[in-house]
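Right, one structure below, let's go through it.
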Amino acid sequence: MIQNEPVVRRGDMIRCALCAHAPCDSACDRLDPARLLRAVWFRNEQGAAARLPEANPCLTCDAPCERACVRPGEVPIRKLVCRLYDEVKPRAETPPPADEARLACDLCGIALENPFLLSSSVVASTYDMCDRAFEAGWAGACFKTICSMDIHEASPRFAALTGDSGSIIGFKNIEQLSDHSVAENMEIFRRLKQKWPAKFILASIMGRDEEEWGTLARLCEENGADAVELNFSCPNMAEGGLGSDIGQVPQLVERFTASAKRACRIPVLAKLTPNVASMGPAGEAARRGGADGLAAINTIKSVTGVNLHTYVCEPAVHGKSALGGYSGNAVKPIALRFIAELAQNPKLRGLHLSAMGGVETWQDALEFILLGGGSIQITTAVMQYGYRIIDDLKEGLNLYLAEKGFDSVREAIGLGLEFLSGTTDTLERDTVIFPRFDREKCVGCGRCAVSCADGGHQAIQFGEDRKPRLNGKKCVGCHLCLLVCPQRAISPSRKRIMKG
């Protein structure tokens, strides 16, 4: 059973709050229900099933965990555990790996114990935070961008779009850079490296001129950083020609990259902005400047909402707002596109790609790896769920690699690139793949018929028996019906070869 489509879906536990110090754990003396639920949420259900004892204790239990829940009776914990026993555990063909050796990789030749790093943001902005993250199992951290400027943050500075469960889909921030002095941040580096010599410290920096870029790069190297990341992409520092304003001008990217490279001997990565039509020109400029790698993507300039009564965009700061950086799972398709673009560019071959943008689960991370990412950086998911997500990131990816027969995560880097074209003109267009309706799963809601009628090709008939029927003469195989079906009762079926 290769971990792919989950058997126990997030929707089954949509009311779970993913509590800290969860009451359900305190109520159960035979299982760790909170850990199991978290694994399901982060699409690591097979890892959850592997931790279950041989006999199912829920069969003889009256579910005190559900009564202890902060939402009593709303989370079917017993049912979820039983489904792990009945539907996941029997299908597991590969035993959990005995160690995490497959996850070992590198960033520009420097060893990483796994591909997962905190990205430059509030989640990696103090000694205590990085210390706790390293203790949890993160391989390293890209520390919040260091600068010589005087930073004063706005309040509030976050806004979000949420899904049905209340979880964040898209996240906006108007936060800027580290508000600690350069000296304070250097002291943090020294302390972290002393306690955690094997952890990777990636120092994000931003200068205002060539001298400042070079000085900051040199100081970071002298105080223990393993590599430097040049922030050419922050959308909240554009005034005065900083941040994403630099990333949009290849000449500046090349010049400041060269300044940093001249000043230090450790690897230098250029973090590129997605607020461009193509990252290629900036990536090529960074290489000309001597960059050892590229990091992408930073957040996307955005407006996430407008108050319909005050007319002020979110977040409102004393009656005003501003464009900010958009992140979260919603930006993953855009981030994947840019990582693939960089990886497929022959002029950038050999550069390390540190990928980020909407990663929440090990599957999200794997998608970036398959499109060329050599390391993975994460922020928004940590802000929402905490450092503890590393457990399922590592466990899920490790088990996948074992099931696929990979000896190292390095073997998966870029495997998806040969199947991706930059244009749809290259795709085969002579075959129609029909949908197939599973009548046992179908509840007769008619969503497929409505979508096909009003957004498709009027190929689905919905009769009095409330069951869909396909008109093969009209169906073009667009698969809109598969996507809108709330029961997942529609799947690809037979093919029709079009003639002429």
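The values are calculated or read from the model by the stated rules, or taken from the named source; none is laboratory data. In this text, all values refer to a predicted model and were calculated from it rather than measured experimentally. Cβ coordinates were reconstructed from backbone atoms using ideal geometry, including for glycine residues, and neighbour counts include every protein chain displayed.
Against the conditions (1) free of Cβ contacts under 8 Å to residues at least 24 places away in the same chain; (2) surrounded by 24 or more Cβ atoms within 10 Å (Cβ to Cβ), GLY350 satisfies every one except (2). Residues of segment 460-500 that are modelled with pLDDT of 90 or more and at positive phi: ARG466, GLY477, HIS479, ARG488. Hey, does segment 316-324 have a residue that's buried (at least 24 other Cβ atoms within 10 Å of the Cβ), within 30 Å of TYR400 (Cα to Cα) and of a type in the set (Gly, Ala, Ser)? The answer is no; no qualifying residue exists. Look at (1) at pLDDT 95 or above; (2) in contact with an Asp or Glu (Cβ under 9 Å, 6 or more places away or on another chain) and you find that THR304 fails only one, number (1). Within segment 202-213, the set of residues being touching a helix residue (DSSP H, G or I) at 6+ places or on another chain (Cβ under 7 Å) and either part of a strand (DSSP E or B) or farther than 16 Å from LEU242 by Cβ (or both) comprises ALA203, ILE205.
In segment 389-398 there is at least one residue matching the filter, namely being surrounded by fewer than 18 Cβ atoms within 10 Å (Cβ to Cβ) and either farther than 27 Å from ILE174 by Cβ or not assigned by TED's automatic domain parsing to the domain that holds HIS21 (or both).
Those strands (runs of 3 or more DSSP E) of segment 233-343 in which 2 or more residues are assigned by TED's automatic domain parsing to the domain that holds ILE151, under 27 Å from the mean Cα position of the chain (by Cα) and closer than 20 Å to ILE376 by Cβ occupy 268-271, 293-296, 324-327. Residue count for segment 376-397 satisfying the condition of being in contact with a helix residue (DSSP H, G or I) (Cβ under 9 Å, 6 or more places away or on another chain) and assigned to a strand (DSSP E or B): 2. Of all the listed residues (ILE169, ILE205, ILE188), the sole one being in contact with a Leu (Cβ under 6 Å, 6 or more places away or on another chain) and at pLDDT 95 or above is ILE205. Against the list (1) assigned to a loop (DSSP other than H, G, I, E, B); (2) in contact (Cβ under 8 Å) with a residue 24 or more places away in the chain, the condition ALA39 fails is (1). Here CYS478 clears all of (1) in the same structural domain as ASN114 (by TED's automatic domain parsing); (2) surrounded by fewer than 18 Cβ atoms within 10 Å (Cβ to Cβ) except the condition numbered (1). The condition (being under 19 Å from ILE378 (Cα atoms) and without any contact (Cβ under 8 Å) to a residue 12 or more places away in the chain) is satisfied by just one residue among ASP150, ASP128: ASP128. Scanning segment 229-288 for residues that are of a type in the set (Val, Ile, Thr) and touching a Ser or Thr at 6+ places or on another chain (Cβ under 9 Å) yields ILE246, VAL268, THR273, VAL276. Taking the conditions (1) farther than 26 Å from ALA154 by Cα; (2) surrounded by fewer than 18 Cβ atoms within 10 Å (Cβ to Cβ) in turn, VAL312 satisfies each one other than (1).
Considering only residues that are among the hydroxyl-bearing types (Ser, Thr, Tyr) and in contact with a Leu (Cβ under 7 Å, 6 or more places away or on another chain), which ones fall in segment 128-158? Before the answer, list the steps.
Going through segment 128-158, the residues among the hydroxyl-bearing types (Ser, Thr, Tyr) turn out to be 145, 148, 155.
The one that is among the hydroxyl-bearing types (Ser, Thr, Tyr) and in contact with a Leu (Cβ under 7 Å, 6 or more places away or on another chain): THR145.
Rundown of residues vs (1) closer than 26 Å to VAL268 by Cα; (2) under 13 Å from the mean Cα position of the chain (by Cα); (3) surrounded by 15 or more Cβ atoms within 10 Å (Cβ to Cβ), yes/no style:
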| residue | (1), (2), (3) |
| --- | --- |
| GLU367 | yes, yes, yes |
| MET383 | no, yes, yes |
| ALA412 | yes, no, yes |
| ARG429 | no, no, no |
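If I ask for residues that are within 12 Å of VAL317 (Cβ to Cβ), at pLDDT 85 or above and of a type in the set (Gly, Ala, Ser), which ones from segment 152-166 would you list? Scanning segment 152-166 gives SER155, ALA159.
Return yes or no: is GLY224 at positive phi, surrounded by 17 or more Cβ atoms within 10 Å (Cβ to Cβ), assigned by TED's automatic domain parsing to the domain that holds ILE297 and of a type outside the set (A, V, I, L, M)? Spell out the reasoning first.
Working: at positive phi: yes; surrounded by 17 or more Cβ atoms within 10 Å (Cβ to Cβ): yes; assigned by TED's automatic domain parsing to the domain that holds ILE297: yes; of a type outside the set (A, V, I, L, M): yes.
For GLY224, the condition - at positive phi, surrounded by 17 or more Cβ atoms within 10 Å (Cβ to Cβ), assigned by TED's automatic domain parsing to the domain that holds ILE297 and of a type outside the set (A, V, I, L, M) - is met.
I'm checking my understanding of the structure. Among residues of segment 426-483 that are assigned to a loop (DSSP other than H, G, I, E, B) and among the polar types (S, T, N, Q), which one is farthest from ARG494 (Cα to Cα)?
Filtering segment 426-483 for residues assigned to a loop (DSSP other than H, G, I, E, B) gives 427-430, 438-446, 456-459, 463-467, 471-479.
The next check asks that each one be among the polar types (S, T, N, Q); those that pass are 458, 471.
Details: GLN458: 19, ASN471: 14 Å.
Per the criteria, the residue is GLN458.
Close Cβ contacts (under 9 Å, 6 or more residues apart or on different chains) running from residues in segment 478-500 that are closer than 13 Å to ILE460 by Cβ to residues that are modelled with pLDDT under 90 and part of a loop (DSSP other than H, G, I, E, B) are absent. Of all the numbered requirements in (1) free of Cβ contacts under 8 Å to residues at least 24 places away in the same chain; (2) in contact with a Cys (Cβ under 6 Å, 6 or more places away or on another chain), LEU308 misses one, and that requirement is (2).
Considered as a group, the residues in segment 65-118 that are among the charged types (D, E, K, R), part of a helix (DSSP H, G or I) and in contact (Cβ under 8 Å) with a residue 60 or more places away in the chain include one that is surrounded by the fewest Cβ atoms within 10 Å (Cβ to Cβ), and that residue is ARG91.
Return the residues of segment 289-308 that are more than 23 Å from PRO250 (Cα to Cα) and among the hydroxyl-bearing types (Ser, Thr, Tyr); say none if nothing qualifies. Walk me through it before giving the result.
At the first step, the residues of segment 289-308 found to be more than 23 Å from PRO250 (Cα to Cα) are 303-308.
If the condition is that a residue be more than 23 Å from PRO250 (Cα to Cα) and among the hydroxyl-bearing types (Ser, Thr, Tyr), then THR304 is the only one that fits.
Among residues of segment 275-297 that are buried (at least 18 other Cβ atoms within 10 Å of the Cβ), those with a Cβ under 6 angstrom from a residue that is of a type in the set (Val, Ile, Thr), sequence gap 6+ or separate chain, pair up as ALA282/VAL253; ALA285/VAL253; ALA286/VAL253; ALA286/THR257; GLY289/THR257; ALA291/THR257; ALA291/VAL268; ASP292/VAL268. Checked against the criterion of being closer than 24 Å to ARG337 by Cα and of a type outside the set (Val, Ile, Thr), segment 463-479 contains one or more residues that satisfy it.
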